1. Of all residues being away from the ligand (no atom under 14 Å from the Cβ) and among the polar types (S, T, N, Q) in region 302-317, which is modelled with the lowest pLDDT? Just the residue, please.
2. State all residues of region 357-371 that are surrounded by 16 or more Cβ atoms within 10 Å (Cβ to Cβ) and free of Cβ contacts under 8 Å to residues at least 60 places away in the same chain; if no residue qualifies, say none.
3. Every residue in region 254-292 that is of a type in the set (D, E, K, R) and more than 20 Å from the chain's Cα centre (by Cα), please.
4. I'd like the residue in region 289-301 that is part of a loop (DSSP other than H, G, I, E, B) and either within 10 Å of Trp243 (Cα to Cα) or free of Cβ contacts under 8 Å to residues at least 12 places away in the same chain (or both) and, out of all such residues, is nearest to the ligand (Cβ to nearest atom).
5. Looking at Ala320, is it modelled with pLDDT under 95, within 16 Å of the ligand (Cβ to nearest atom), in contact with a helix residue (DSSP H, G or I) (Cβ under 7 Å, 6 or more places away or on another chain) and under 27 Å from Ala112 (Cα atoms)?
6. For Ala108, work out the one condition from (1) touching a His at 6+ places or on another chain (Cβ under 9 Å); (2) part of a loop (DSSP other than H, G, I, E, B); (3) surrounded by 14 or more Cβ atoms within 10 Å (Cβ to Cβ) it doesn't fulfil.
7. I'd like to know if region 326-335 contains one or more residues that are aromatic (Phe, Trp, Tyr) and in contact with a Gly (Cβ under 9 Å, 6 or more places away or on another chain).
8. Every residue in region 89-117 that is charged (D, E, K, R) and out of contact with any helix residue (DSSP H, G or I) (no Cβ under 7 Å at 6 or more places or on another chain), please.
Amino acid sequence: MFQDISRSIEACAAHYGADAEAVKTYLIEGQAKALALPNRGPLKFEANGDIHTDILSAYSEYGFYIFEGVLSGDELADIRADLQEMRENFPSYMGAETDKHGRPALGADNKAMTLQWARPLSDPLGGTQISNGRHQVKLFEPKAANDAPPAVPVYLSGSLQFSPACLRAYAHPGLLKLAETINGPDFVPFTEGLFIKDAGLGAAVSWHQDGDTHWDNPDFDENIHGFNFMGQIYGSTAVNGVWVVPGSHKMTRANIVKMVEDAGSERLPDAVPIICNPGDVVINNRQIVHGSFANTGFETRITANFGFHKRSSVLNVKGAGIHADAVTMDADYIDTRSRLIGLAIDARRQRFPDETPYNYAPFAKRKDEFKWSETAQAELKDYNLMDLSI
Ligand SMILES: O=C(O)CCC(=O)C(=O)O
């Protein structure tokens, strides 16, 4: 059972004027196509503890897979409580130094990027050179309500420094086992953040592929730019969710301008929405063509994103400069950034002592170095200056 979004579909379509019927049909048909795909279910393992081969072959075929019910009720409650606390501490408006309680705002004295804002229902990236120009077309920008604020939060970078619950989810043993299976036991981090799509306000993220660095690499393959996990805190729908073009992760860099021209509208005909209940976690290949429309519906989506790479995709590679400054990422740099994994595993062990923690091979002999505490949490400040951006 998924959320009933019939009211949101009507509300969404109403924004599109002459295209209203086309939008409604797109949402309803996209939803049906998405639910018919054989790429969802629980995180399943073979008898020997390996990830089930059905999952790996469906992920390879479609470029995304929805793991149902990965985040337990307790874990979701912890994350929602952290979200509530963080939101109370958001700057009271874009650029404010203080929150609505007059306290220093979350991220106000960080050097790294933290909270990013946009005009409600706008598409801030589409058709710009931001992020190396990967959002090639601008999506339709519906008109927000007259009483909407001038800017709303859309993305929180470096989220694990602000939320111990998100840090613990990052070390989910089943998800890390999957990271190991796809990227090898010496897999490394990418970046972590929260996509915030508030009901009736959330901005669009125009169609794009995430990967930047390796399109012309002679060793190019479907996994060279890694993947993102997308933990759904309140669920995800055809109206507020990410849409993907299944199988497009196997292609080279897509000409999205042409795809939209050929489609005759921004509604790419082969795309489907990622539909989830709260607690589901998606694996999304970073080469897949994907994006999300402005959230004109009545349901808020918040996604806890966290990605992983193959070590060989980043070692001694010059970063793309999208998530952090473009530096050449040597072994020491990668080791420092990977410390987050060790710390997250210990944070999770402390909260869920009955669970078998994930054993991260690169730190197998160094476990004593990683002890989560409130001090260790505070020391994560600005850790995302070293995101492994490719
Ligand atoms: O969550 C969204 O709306 C966009 C996600 C996205 O573009 C990404 O993870 O790269």
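1. Asn316
2. Matches in region 357-371: Phe363, Phe370.
3. At the first step, the residues of region 254-292 found to be of a type in the set (D, E, K, R) are 258, 261-262, 266-267, 270, 280, 286.
Listed by number, the residues that qualify are Lys258, Glu261, Asp262, Glu266, Arg267, Asp270.
4. From region 289-301, those part of a loop (DSSP other than H, G, I, E, B) are 289, 293-300; that's our starting set.
This time we only want the ones that are either within 10 Å of Trp243 (Cα to Cα) or free of Cβ contacts under 8 Å to residues at least 12 places away in the same chain (or both), so: 289, 293.
On the way: Val289: 10, Phe293: 9 Å.
Only one residue tops the list, namely Phe293.
5. Numbers: modelled with pLDDT under 95: yes; within 16 Å of the ligand (Cβ to nearest atom): yes; in contact with a helix residue (DSSP H, G or I) (Cβ under 7 Å, 6 or more places away or on another chain): yes; under 27 Å from Ala112 (Cα atoms): yes.
Against the criterion (modelled with pLDDT under 95, within 16 Å of the ligand (Cβ to nearest atom), in contact with a helix residue (DSSP H, G or I) (Cβ under 7 Å, 6 or more places away or on another chain) and under 27 Å from Ala112 (Cα atoms)), Ala320 qualifies.
6. That leaves (1) as the condition not met.
7. Taking region 326-335 as the starting set, the residues that turn out to be aromatic (Phe, Trp, Tyr) are 333.
Still in the running and in contact with a Gly (Cβ under 9 Å, 6 or more places away or on another chain): none.
No: zero hits.
8. Narrowing region 89-117 to residues charged (D, E, K, R): 97, 99-100, 103, 109, 111.
The answer is Glu97, Lys100, Arg103, Asp109.
The values are calculated or read from the model by the stated rules, or taken from the named source; none is laboratory data. Every value quoted in this text rests on a predicted model; they were computed, and no experiment measured them. Every residue, glycine among them, receives a Cβ derived from its backbone with ideal geometry; neighbour counts consider all protein chains shown.
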